[in-house]
Amino acid sequence: MSRSIHLAGVQQQKIKKEKGDTRSFFTPLRMKKPITTLRILYPIWTVVSIFSLLYAPTLASDTMLFKLGQLGQIVVQLFQIAVALLLYKLFEKTDKTQAFMLALLGILGVPFALMAIILPEASHLAAVFWGLWLIPMGTLVIRSKMFPKFIGHFLYGGALGYLAGTTAYFLIGYVPNYIEVFTFGELIWVLWITFVGVRK
């Protein structure tokens, strides 16, 4: 009887171990899902952003393209929400608090960006959140070890660019080109995650 109980216990431990091994095997697969989705969303988001924020506004005389640009701005903000949530999922195991702040700040800028469709000056308020959300993002990139640390520092530079741009606009009425250069730190991150992804 005691031998049977012992064998049953050994069998249960074996089953638990196999389940644990299965979970550990699937952990990297679960990690790949947000990365894969981000690598699809980021290029689409970038193209739509360029069209709707940079190209379409110059076509005010072409009503149809101008309206498509405005529609594109709405799509861009929907992408912003999706990306913020995916980044939370990607980084929550690194630092859940920082990941939450990243998602929160990323989403809080959406109403101001939507407002900017009819009131362009509101984009400078949205830029405050575009800058702030890059701070926890940079921190998470550095801590996670999934990406090179220099990417995180570029994100800090991007945050500085957005925040300095908003400050400059309200102080002197425009954003100097040398300040806008800093915002390209975010573009480095987009290019890296799109074409390289995470470290193996």
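Restricting the stretch 58-141 to trypsin sites (Lys or Arg not before Pro) that sit in a DSSP loop and have at most 10 other Cβ atoms within 10 Å of their own Cβ leaves nothing. Of H124, H153, the sequence from fewest to most neighbouring Cβ atoms within 10 angstrom is H153, H124.
Take each peptide in 189-199, 173-183, 76-86, count the other Cβ atoms within 10 Å of every residue, and average; sorted highest first, the result is 76-86, 189-199, 173-183.
Overall, the stretch 32-195 carries a charge dipole of about 760 debye about its Cα centre when +1 sits on the Cβ of Lys and Arg and -1 on the Cβ of Asp and Glu, all other atoms neutral.
Values in this text are rule-based calculations from the coordinates and carry no lab data. The structure displayed is predicted, hence computed values, not measured ones. With ideal geometry, Cβ positions are generated from the backbone for all residues, glycine too; neighbour counts draw on all protein chains shown.
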